[in-house]
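The values are calculated or read from the model by the stated rules, or taken from the named source; none is laboratory data. Please read these numbers as outputs of a predicted model, since none were measured by experiment. As a convention, Cβ positions derive from the backbone with ideal geometry for all residues, glycine included, and neighbour counts pool all protein chains shown. Remember, those area values only see protein heavy atoms, side chains included, never the ligands or the DNA or RNA. Shrake-Rupley method; radii C 1.70, N 1.55, O 1.52, S 1.80 Å.
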Amino acid sequence: MADRRGLARIGFRTAGAVVGVAVAVVAVAGATLLPLPDFAIGAPSQTVTPVPADQQRVCPGPLLELAADAGAATRPSAVGEPSFSTDSIGADVRSRSLKPDADTTSPDEAPLLASVTTPQGATTSPLFAGAQSQNATAPDLAGLAAASCAEPSADTWLAAGSTSLGQTSLVLLSNPSEVDATVDLSIYTETGPVSAPGAASILVPAGSQKVVPLAGLAPSAAAPVVRVRTSGGEVVASLQQSYEVGIQPRGAELAGATGAPARQQVIPGVTLGSMAAIEAAQSAEGVGVDYPVVRLLVPGDTDAQVTIGAVGEAGTAAGDSYATTVKAGTVAEVPLQRLKDGSYTVTVNSSVPVVAAVRTSVIGAKLRDFAWFSSAQDLQKDALAVMPTGGVAALHVANAGDSDRTVSIEPLSGGSTLTLAVPAEGGSHIRLPAGSYRITGADGLRGSVSLTGDGMTSSFALAPPGPLAAPITVYPN
């Protein structure tokens, strides 16, 4: 009997435990399945549209030469004056001069700052562009140099210049902001990265320009590429290069930013002239400094397998293609051989991201000159281009897509709207008088402007404007 009563007590306890578990399960299920009162309170918020900041463009200013006095060898002085042209659709343009480099007291050496204010509530930026050109004829520095007026940036690549014998290269840093900028230069050459203590923590005061001679940081560099990074204020970086043989000047150029490292770089409007004379002047040892070349930098740690295609624009004979390997961390130059006079779209395809630009030269009856052509960014549907004075100006448009395109070109000064057919995987150009032009239907295309003359050449790429500030949602504490 005692065993039966024990078994009964165990059974009752087990049954009670089962019932308790069942009740808990039902309670949990009920809490899960039954609708609960909604006590959620939405966080207070407000959508705020920032006041649009002024768009700014900085033109690099006059060509400079360094003092011949050994005691002031790094002091720049202006060589003549450039011609500035700025224009806008949808806003008025204001302009003023920045302060010149602190090593000089001449106010005519300053860059030009142009700006426009975006109307309140606008969803698109006013079309705004500027350019400058200068035909220098000094005894030690001569050549046609044109440049676009560019937006400030915190990260810029300059693929141009040389510090070899007879070559002078100056990095021009313009700070249009109201705060000082600290600039670090990373320099790459044909032998690899350059370790230069003077390239770090360069102070560019607010509203002024700083001129940095490249030879003091990378002497005897035949093919440098410079990366410009800033903290504090942003700067507009460009590179002035001049070339002299003995006492004879052989050209001058202002090179702007080229595209950031990418596996494809498109360089529109590469203009070649005097190729027969240039080829005749080459020696058996190889091509000289006048021969057209593509300058390539591999900034990463992996060697690049590169293919270069040069496609003739409408009216130019077919181009050619080239393949090469470029070592990681170094700069290489690939000659553009077997090309005739004319204009080309040069496309660089690489297995890893690269930086690229093209250098060409021209030999005239009395003068010689050279030009740098930068890789270009995709344009927006509407763009504004300024054709500066100083030579025969041409607008070049490249189409990397697989279908033909047509763009409209409207002169702001009045007159008939022009059209330009741009073939797929090719390019076209149109000569235009000096002035400002609205370009429509250019989304996804690349553009540049060239200036040419007898023994003169120069170029700059067209760049889309930076984006406007977007509305943001603010949540108070």
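The lone criterion from (1) part of a strand (DSSP E or B); (2) open to solvent by 50 Å² or more (accessible area, probe 1.4 Å); (3) modelled with pLDDT of 95 or more left unmet by SER231 is number (3).
Taken over the range 305-329, the criterion of being open to solvent by 60 Å² or more (accessible area, probe 1.4 Å) and of a type outside the set (A, V, I, L, M, F, W, C) is satisfied by GLN305, THR307, GLY315, SER321, THR325, LYS327. Given the residues SER375, SER343, SER413, SER361, which is the only one that is under 24 Å from CYS59 (Cβ atoms), among the hydroxyl-bearing types (Ser, Thr, Tyr) and within 23 Å of the chain's Cα centre (by Cα)? Answer to the check: SER375. For the range 66-77, residues that are modelled with pLDDT of 85 or more and surrounded by fewer than 21 Cβ atoms within 10 Å (Cβ to Cβ) total 2. Residue pairs whose Cβ atoms lie under 6 Å apart, separated by 6 or more positions or on different chains, with the first residue in the range 402-423 and among the small types (Gly, Ala, Ser) and the second outside any loop (DSSP other than H, G, I, E, B), are SER408/THR419; SER408/THR440; SER413/GLY435; ALA421/THR406. Kindly evaluate VAL397 against the criterion of being touching a His at 6+ places or on another chain (Cβ under 9 Å), assigned to a strand (DSSP E or B) and either open to solvent by less than 10 Å² (accessible area, probe 1.4 Å) or without any contact (Cβ under 8 Å) to a residue 60 or more places away in the chain (or both). So VAL397 fits the description; yes.
The rows are residues; the columns are (1) touching a Ser or Thr at 6+ places or on another chain (Cβ under 7 Å); (2) at pLDDT below 70; (3) of a type in the set (A, V, I, L, M).
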position	(1), (2), (3)
ASP38	no, yes, no
GLY42	no, yes, no
VAL48	no, yes, yes
CYS59	no, no, no
ASP87	yes, no, no
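Checked against (1) at pLDDT 95 or above; (2) closer than 30 Å to GLY364 by Cα; (3) open to solvent by 10 Å² or more (accessible area, probe 1.4 Å); (4) polar (S, T, N, Q), SER95 passes all but condition (2). Being open to solvent by 40 Å² or more (accessible area, probe 1.4 Å), within 22 Å of ALA255 (Cβ to Cβ) and at pLDDT 95 or above holds for only one residue in ALA421, ALA461, ALA434, and it is ALA434.
Screening CYS149 against (1) of a type outside the set (D, E, K, R); (2) out of contact with any Asp or Glu (no Cβ under 6 Å at 6 or more places or on another chain); (3) open to solvent by less than 30 Å² (accessible area, probe 1.4 Å); (4) under 16 Å from LEU66 (Cα atoms) leaves a single unmet condition, (4).
Scanning the range 348-369 for residues that are more than 16 Å from VAL331 (Cβ to Cβ), buried (at least 24 other Cβ atoms within 10 Å of the Cβ) and of a type outside the set (Ser, Thr, Tyr) yields VAL362, ASP369.
Is it the case, given these coordinates, that ARG338 is open to solvent by 20 Å² or more (accessible area, probe 1.4 Å), touching a strand residue (DSSP E or B) at 6+ places or on another chain (Cβ under 7 Å) and touching a residue at least 40 places away in the same chain (Cβ under 8 Å)? When the stated conditions are applied, ARG338 does not pass them. Going through GLN248, GLN240, GLN167 one at a time, which residue ends up being within 28 Å of SER448 (Cα to Cα) and either free of Cβ contacts under 8 Å to residues at least 24 places away in the same chain or open to solvent by less than 10 Å² (accessible area, probe 1.4 Å) (or both)? Result: GLN240 is the single residue among GLN248, GLN240, GLN167 that is within 28 Å of SER448 (Cα to Cα) and either free of Cβ contacts under 8 Å to residues at least 24 places away in the same chain or open to solvent by less than 10 Å² (accessible area, probe 1.4 Å) (or both). On the stretch given as the range 234-257, residues that are more than 20 Å from LEU144 (Cβ to Cβ) and either assigned to a strand (DSSP E or B) or among the acidic types (Asp, Glu) (or both) total 4. Whether a residue is part of a strand (DSSP E or B), under 28 Å from PRO353 (Cβ atoms), modelled with pLDDT of 95 or more and small (Gly, Ala, Ser) was assessed, and ALA332 passes this test.
Okay, residues lined up against (1) more than 25 Å from ALA257 (Cα to Cα); (2) part of a strand (DSSP E or B):
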residue	(1), (2)
ALA365	yes, no
ALA371	no, yes
ALA385	no, yes
SER408	yes, yes
GLY414	yes, no
HIS429	no, yes
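Scanning the range 312-336 for residues that are more than 29 Å from ARG227 (Cβ to Cβ) and not acidic (Asp, Glu) returns GLY312, ALA314, GLY315, THR316, ALA317, ALA318, GLY319. Does the range 360-368 contain at least one residue that is out of contact with any Gly (no Cβ under 8 Å at 6 or more places or on another chain) and either of a type in the set (A, V, I, L, M, F, W, C) or on the phi > 0 side of the Ramachandran plot (or both)? No, every residue in the range 360-368 fails to be out of contact with any Gly (no Cβ under 8 Å at 6 or more places or on another chain) and either of a type in the set (A, V, I, L, M, F, W, C) or on the phi > 0 side of the Ramachandran plot (or both).
To keep it simple, each residue is scored yes or no on (1) surrounded by fewer than 23 Cβ atoms within 10 Å (Cβ to Cβ); (2) in contact with a strand residue (DSSP E or B) (Cβ under 6 Å, 6 or more places away or on another chain).
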{"position": "ALA376", "(1), (2)": "no, yes"}
{"position": "LYS381", "(1), (2)": "yes, no"}
{"position": "VAL386", "(1), (2)": "no, yes"}
{"position": "VAL392", "(1), (2)": "yes, yes"}
{"position": "ASP402", "(1), (2)": "yes, no"}
{"position": "LEU412", "(1), (2)": "yes, yes"}
{"position": "SER416", "(1), (2)": "yes, no"}
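Against the numbered list (1) touching a residue at least 40 places away in the same chain (Cβ under 8 Å); (2) within 25 Å of the chain's Cα centre (by Cα); (3) open to solvent by 30 Å² or more (accessible area, probe 1.4 Å), VAL287 comes up short only at (2).
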